[in-house]
Amino acid sequence: MVALLSLVLYSLGLLQALVAGSPVPHAVVPHYFQTNPITPRNLTAATLQNELGPLLSIGTLIFGPDSPDWANATDRWNKYTVPDIQVVVVPAEESDISKIAQVKYCNQNSIEFLARNRGHGLSTSLNSFKGLEINLDSLGAITIQEGGETAILQGGTYAGEVIETLYAQGYVTPTGSTACVGVLGPTLGGGHGRYEGLYGLILDTIVHFNVVLADGSEVGVNETSHEDLFWALKGAGHNFGIVTSVVKKIYPKGADTWHTHAYIWAQDKLETVFEALNEFHTSDNGTTPPLMGASYGAIIINSSISETEAILSFGFNYAGPAEDAEKLLAPFNAIEAIWEGADDVTYPELSGISQDTCAGAQYALSSTMTLKYNATAQRLLYNHFNEKAALYPELAVTALLWHEGYATAGLQAVDPYSTAYAHREENHLMLFDVAVPVGSNLSEAATIWAKEAQEIWNAGQPDRQPAIYVNYASGNEWETLESIYGYEEWRLKKLRHLKAKYDPHNRFRYYVPIIAHN
């Protein structure tokens, strides 16, 4: 029973608010996006300490691979994503970032720079990077502003500390659902989480960005200042600058506890479960009941039940008392389960359930988004999963088909034209994920498994074009810019126009790039 509970807790919090990915590079790069024809310098920590160090605030750290801080500062969740970091700079103040990036240093010396918060960006496009990492770990201030309607979050904050800090003072705000993941990384690509049914995506709660542009200039971005960039930062923000801090809406915390209810079902209940999910996610005026913040589910092997047949592990999170939640969950309580369990926890406790998922590995991934679940496609996926698990038992240990279903009323209340985020009509996020054992020859097999899983999901909605959540795009060759940033022609046209305006030399081209490296 302990093993079953561990699986459910693992499944409930897995992979929330992960960020990023990349499409296939374009064959032709406009001249105004081409980088300067200067050979990059071979960076060393000693060189930067001498040349850049005197310009920066006291407390700023500059170090190389021989530092004991190196491993932690450059670690990444997906070990297949390995940017070539030569030197790390940890700025002590926000103002240091512009000094690092400004023309007279990085730009003038043709040094590429990459901002890092928590290292959960999973795009393999990051592998094309070589240069200086600007590590934001020291920029973690959280300041509630007078009046209690907004808070200032610095660029290095992460979900756990934001949730706990605000909650202790009676507030909440949308973040990703896993405590270890950063806040601003997910924000720039959208930011799904348990509060989007009430307040929208994370990006919908940002009223002001402080940004360092590619030339090192510092700008404030909001509805009345650089409003075109404000639009772009909300959904394609990784392409335009380094966000050093934001002003973000906060809200009274509401209910003292969240009710969680988790189920494990056998495969013979698959069609019943997914049909019930479809009805549930449209039961409140066409959407999920707003206080039912999320349902998270996995098709996964649990060896304590069966080593050859996957099970369905699903959990629901409700912002309120058990009595109210269980009324909504009656259709699922009526489905005979192998195991089920319920609890009532505070919101910080809920976000901490998924901490075990923060450990990194070599992940093969694919993802898609859908309006509803196709039970026939889910059966095909289930059978395909078992077939692959039998062929590759080493992969079966960690493989899962992940399903996220959020309350969407707050998300869909926002004008879809008002931000660069292109997928407000989608209701569900799906992700295939498997950790490839180090030293094995299973990378190709895992990638094929990921591709085939995505194809089956997409075949379940044949009248729709594939959609990929920006923060779950992984850099697979079959991903397209349109599937990530939207199929309306005007969207990519507008984004490219803004790239030419704000980043004419394409310095920010390593993370879900609109224009990839030439």
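Bear in mind these aren't lab numbers, they're just calculated from the coordinates by the rules spelled out. The structure presented is a predicted model; accordingly, all values stated were derived computationally and were not measured. Neighbour counts are summed over all protein chains in view; Cβ atoms, including those assigned to glycine, are modelled from backbone coordinates with ideal geometry.
The long axis of helix 443-459 is offset from the longest Cα principal axis of the chain by roughly 60 degrees. Distance from the Cα centre of the stretch 52-120 to that of the stretch 231-270, in angstrom? The distance from the Cα centre of the stretch 52-120 to that of the stretch 231-270 comes to 28 Å. Selection among 242, 111, 405 by position relative to the dipole of the chain gives 111 as farthest towards the positive end (Cβ unit charges, Cα centre).
Assuming charge only on the beta carbon of Lys and Arg (+1) and of Asp and Glu (-1), the dipole of the stretch 180-297 about its Cα centre is about 340 debye to the nearest 20. Computed extension length for residue 487-residue 74: 145.2 nm, one decimal, from 0.36 nm per residue of separation with the Cα-Cα distance subtracted.
Across q = 0.11, 0.14, 0.19, 0.26 Å⁻¹, the stretch 167-256 modelled as identical point scatterers on its alpha-carbon atoms has Debye log10 I(q)/I(0) values of -0.31, -0.50, -0.85, -1.35, in the order of the q list. When the listed pairs 234/499; 130/234; 79/499; 372/493; 79/130 are checked against a 18 Å cut-off, the alpha-carbon distance exceeds it for 130/234; 79/499; 372/493. If you take the alpha carbon atoms of the stretch 289-366 and fit the smallest convex hull around them, that volume is 148 Å³ per residue. Helix 227-236 axis versus longest C-alpha principal axis of the chain: approximately 50°, rounded to the nearest ten. Toward the positive end of the charge dipole of the chain, with +1 on the Cβ of Lys and Arg and -1 on the Cβ of Asp and Glu, the farthest Cα among 216, 332, 431 is that of 216. Distance distribution P(r), the chain, all Cα-Cα pairs, bin width 10 angstrom from 0: 4, 20, 30, 27, 14, 5, 0 percent. Here the chain is assigned +1 on the Cβ of each Lys and Arg and -1 on the Cβ of each Asp and Glu. Its dipole about the Cα centre then comes out at about 1480 debye. If you sort the three axes of the alpha carbon gyration tensor as a ≥ b ≥ c, you get a/c of 1.5 or more for the stretch 422-510 and a/b no higher than b/c, which makes it oblate. Across the stretch 491-505, computed HN-Hα scalar couplings (Karplus, 6.51 cos²θ - 1.76 cosθ + 1.60, θ = phi - 60°) run 5, 5, 4, 5, 4, 5, 4, 6, 4, 4, 7, 9, 9, x, 9 Hz from first to last residue, x flagging Gly and Pro.
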